[in-house]
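The values are calculated or read from the model by the stated rules, or taken from the named source; none is laboratory data. Predicted, not measured: the structure shown is a model, and the values here were computed from it. Positions of Cβ are generated from backbone atoms using ideal geometry, with glycine treated the same way; all protein chains shown enter the neighbour counts. Only protein heavy atoms, including side chains, enter the accessible area calculation; ligands, DNA and RNA are left aside. Shrake-Rupley method; radii C 1.70, N 1.55, O 1.52, S 1.80 Å.
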Amino acid sequence: MSITILKPGISSSIQDLGRWGHQQFGIPISGAMDELAARLANILCGNDEHESVIEITLHGTEIMFNEAACISLTGSGSIIYLNDIEIQYNRLIKLDASSILKFKPAPSGCRSYLAIQGGLDVKKEMDSTSTFAPSGIGGINGQNLKMGDIISLSRKKSLHKKADEINITKNGFAVSTWIGVDLKEQQHNGIIRINICTGPEWDLFNEQFRSKFLNSEYSISLMANRMGIQLEGPRLELTEKKEMVSTPVTKGIIQVTNEGLPIILMADAQTTGGYPRIARVCSADLSQLAQCRPSDRLIFLNISENESLQKMRKMKEILKSIEIGLVN
Amino acid sequence: MNSPRIYALHDQAITIELGNEINEAINLEVLYLKQDFEAMPFEGFIECVPAYSSLTIYFNESRTQEEVRKEIISRLEKKNLSTNKSTLIETTLGSTINIKPIIIPVCYDVEYGTDLIWLSNHLGLSIDEIISLHTESFFRVYMMGFIPGFAYMGTLPEKLHAPRKQTPAQQIPIGSVAIAGKQTGIYPAAVPGGWQIIGRTPHLMFDKKRNPCSLLKAGDAVQFKSISKKEFESAS
């Protein structure tokens, strides 16, 4: 049981829900950028939520299934073809051996997640399969996927039997009629709303810059990757320049660089940083950010710690209800 | 000292901030708290990540922010850090923190210590004086960060305090030993960096196949030992 990477595309890598417990040695959490989409992909195809998935950034990726399999695709950012027929996200798909999945350019979105029923047979390194390419940890040989990589599949038992209800047609595959929920939030006039809580250094910015931060539109720059998303927009300044000692940072933290521009730390973020931390993104909204591409526009909304926690809780409840619905 | 500032760093992480400076006493207190949480972890505890003057505690999804915050506050109250911290720290850390220094060999040849000549001019010290100052001191690992296996060590003798580079170097070779301000560190991988390079160690600071993967951890004592180019080459 295996799949072959015919083309890695712009960037694709093996991820799970992250490498927790090693930040004290400077090792980032990593894991799926859009955590909710990765969880959903696993749930839809009957895997445990923590199972490894393939994260496909934008497009160009082509994957061949060397055996018959059941899969699901979540997230956004590609128009996906299976055996040259367009298929939709958020379904359960059953396919024959030799099927080929192609990720082609789409007008919006950024990251797709492929989960395969039974899971990927990838060795954990430091408790996780997540690829952190800069240090060569996780994935296959510590690297992002390359042309010709073969990934073995596991045969863990599916948590639901929905695959029995669909039959493969002459196209070599079958798609469920039911749809897993689309977790992407509605955009307002093309502007993405990102909920934030104020950060540890919020008070070091005066009223003028705080309101600038909260009331201005920022756009995603070209410097956006798994480590962080640099924004473009109004510049922010500290009331008084203060030499900061390195402080803890993690995914979701928004730092303001010396140039006065916010940078949002993402999955592969460093564990410490020296810039003022103006805010932190509500964990549930990191998934929205993971789906942003350069030039996408966003605004920040200040919510309470409690609202932030509620939001994530609500998303997890939605996922749980989907899982229960599929199992029963 | 004021009572610590406690804030959420993430939905699953809370930071206890004891100050905002590079100060050995504060850092000891951070490490003392780390040991305490590790020795008696609460339910759902993942890990403690120490920084210069703060400790971040990560916990899993089974626990809420509110529950963990209460747990942390009650533990801090029991420790009553602000009143009798020095005795607590001495008795606990004195016995548990490894005070025997880890010796790190460094070749201070100008071929590897690419900023030695600049530093010599800037600091008004000979290269030999720089080497002596760097090898005679004991350093503490205050925290890990930046990239896997990077130890922030201090405190550098005042005579060696130098600014960071105006423009960071594109690629600093693996094992490069560097200084910046009060700090010294070793680059565990080839990455861009802005510290002044004074030498190179043949030791692997980070090896994912080793357990623990990092040669150093917060709280370790470190001393550098000068080795010749020949010794460096045969050890690499």
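Filter region A:127-143 for residues that are in a loop (DSSP other than H, G, I, E, B), surrounded by fewer than 20 Cβ atoms within 10 Å (Cβ to Cβ) and touching a strand residue (DSSP E or B) at 6+ places or on another chain (Cβ under 9 Å) and give the result.
Taking region A:127-143 and keeping what is in a loop (DSSP other than H, G, I, E, B), we get A:127, A:129-131, A:136, A:138-139, A:141-142.
This time we only want the ones that are surrounded by fewer than 20 Cβ atoms within 10 Å (Cβ to Cβ), so: A:127, A:136, A:141-142.
Residues satisfying the conditions are A:G136, A:G142.
Conditions: (1) in a helix (DSSP H, G or I); (2) farther than 25 Å from A:L183 by Cβ; (3) among the hydrophobic types (A, V, I, L, M, F, W, C). A:I5 meets all but one. Number of the miss?
All conditions are met except number (1).
Looking only at region B:105-129, count how many residues are within 17 Å of B:R200 (Cβ to Cβ), aliphatic (A, V, I, L, M) and surrounded by fewer than 23 Cβ atoms within 10 Å (Cβ to Cβ). Let's see the steps before the verdict.
Here is the first cut: in region B:105-129, the residues within 17 Å of B:R200 (Cβ to Cβ) are B:105-119, B:127.
The next check asks that each one be aliphatic (A, V, I, L, M); those that pass are B:106, B:110, B:116-117, B:119, B:127.
Still in the list and also surrounded by fewer than 23 Cβ atoms within 10 Å (Cβ to Cβ): B:110, B:116-117, B:119, B:127.
Residues meeting the conditions: 5.
What strands (runs of 3 or more DSSP E) completely inside region B:136-236 contain at least 2 residues that are within 24 Å of A:P134 (Cα to Cα)? Walk me through how you get there before you give the answer.
Working: elements: B:139-144, B:151-154, B:169-172, B:176-180, B:183-186, B:191-193, B:196-200, B:221-227.
Output list reads B:139-144, B:151-154, B:169-172, B:176-180, B:183-186, B:191-193, B:196-200.
If you take the residues of region B:162-210 that are open to solvent by less than 50 Å² (accessible area, probe 1.4 Å) and in contact with an Asp or Glu (Cβ under 7 Å, 6 or more places away or on another chain), which of them is nearest to the other protein chains (Cβ to nearest Cβ)?
Only one residue tops the list, namely B:Q196.
Taking region B:211-236, which residues are under 24 Å from B:I127 (Cβ atoms) and either of a type in the set (K, R) or at the interface with another protein chain (Cβ under 10 Å from one of its Cβ atoms) (or both)? Steps first, please.
From region B:211-236, those under 24 Å from B:I127 (Cβ atoms) are B:222-236; that's our starting set.
Passing the criteria: B:K225, B:K229, B:K230.
Quick check: is even one residue across region A:148-164 over 23 Å from the mean Cα position of the chain (by Cα), of a type in the set (A, V, I, L, M), in the same structural domain as A:G18 (by TED's automatic domain parsing) and open to solvent by less than 60 Å² (accessible area, probe 1.4 Å)?
Yes, there is a match, as at least one residue in region A:148-164 is over 23 Å from the mean Cα position of the chain (by Cα), of a type in the set (A, V, I, L, M), in the same structural domain as A:G18 (by TED's automatic domain parsing) and open to solvent by less than 60 Å² (accessible area, probe 1.4 Å).
Out of region A:80-90, which residues are at negative phi and open to solvent by less than 50 Å² (accessible area, probe 1.4 Å)? Let's see the steps before the verdict.
Of the residues in region A:80-90, the ones at negative phi are A:80-82, A:85-89.
Listed by number, the residues that qualify are A:I80, A:L82, A:I87, A:Y89.
Among the strands (runs of 3 or more DSSP E) contained in region A:194-306, which hold 2 or more residues that are among the aliphatic types (A, V, I, L, M) and more than 25 Å from A:L17 (Cα to Cα)?
Details: elements: A:218-224, A:228-232, A:253-256, A:262-265, A:277-281, A:297-302.
Output list reads A:297-302.
Can you tell me how many residues in region A:52-77 are over 14 Å from the mean Cα position of the chain (by Cα) and either free of Cβ contacts under 8 Å to residues at least 40 places away in the same chain or open to solvent by 10 Å² or more (accessible area, probe 1.4 Å) (or both)?
Initial filter on region A:52-77 (over 14 Å from the mean Cα position of the chain (by Cα)): A:59-72.
Subsequent filtering for residues that are either free of Cβ contacts under 8 Å to residues at least 40 places away in the same chain or open to solvent by 10 Å² or more (accessible area, probe 1.4 Å) (or both) retains A:59-60, A:62, A:64, A:66-70.
Here the count works out to 9.
Can you tell me which residue is farthest from B:G145 (Cα to Cα) among those in region A:12-53 that are in contact with a helix residue (DSSP H, G or I) (Cβ under 9 Å, 6 or more places away or on another chain) and assigned to a strand (DSSP E or B)?
So, considering only residues that are in contact with a helix residue (DSSP H, G or I) (Cβ under 9 Å, 6 or more places away or on another chain) and assigned to a strand (DSSP E or B), the one farthest from B:G145 (Cα to Cα) is A:V53.
So which residues in region A:105-126 are closer than 14 Å to A:H59 by Cβ and assigned to a loop (DSSP other than H, G, I, E, B), if there are any at all?
Answer for region A:105-126, where residues must be closer than 14 Å to A:H59 by Cβ and assigned to a loop (DSSP other than H, G, I, E, B): A:A106, A:P107, A:S108, A:G109, A:C110.
Tell me which residues, restricted to region B:179-204, are among the small types (G, A, S) and touching a residue at least 40 places away in the same chain (Cβ under 8 Å).
Our first condition is that a residue be among the small types (G, A, S); within region B:179-204, this holds for B:180-181, B:185, B:189-190, B:193-194, B:199.
Correct list: B:A189, B:G199.
Being free of Cβ contacts under 8 Å to residues at least 40 places away in the same chain, within 11 Å of another protein chain (Cβ to nearest Cβ) and among the hydrophobic types (A, V, I, L, M, F, W, C) is the filter here; which residues of region A:259-291 pass it?
A:L265
Residues are listed down the side, and each one gets a yes or a no for (1) part of a loop (DSSP other than H, G, I, E, B); (2) facing chain A (nearest Cβ under 7 Å):
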site	(1), (2)
B:Y7	no, yes
B:K34	no, no
B:E43	yes, no
B:V68	no, no
B:I73	no, no
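Return only the number of the condition from (1) touching a helix residue (DSSP H, G or I) at 6+ places or on another chain (Cβ under 7 Å); (2) in a loop (DSSP other than H, G, I, E, B); (3) open to solvent by 30 Å² or more (accessible area, probe 1.4 Å) that B:L133 does not satisfy.
For B:L133, the failing item is (2).
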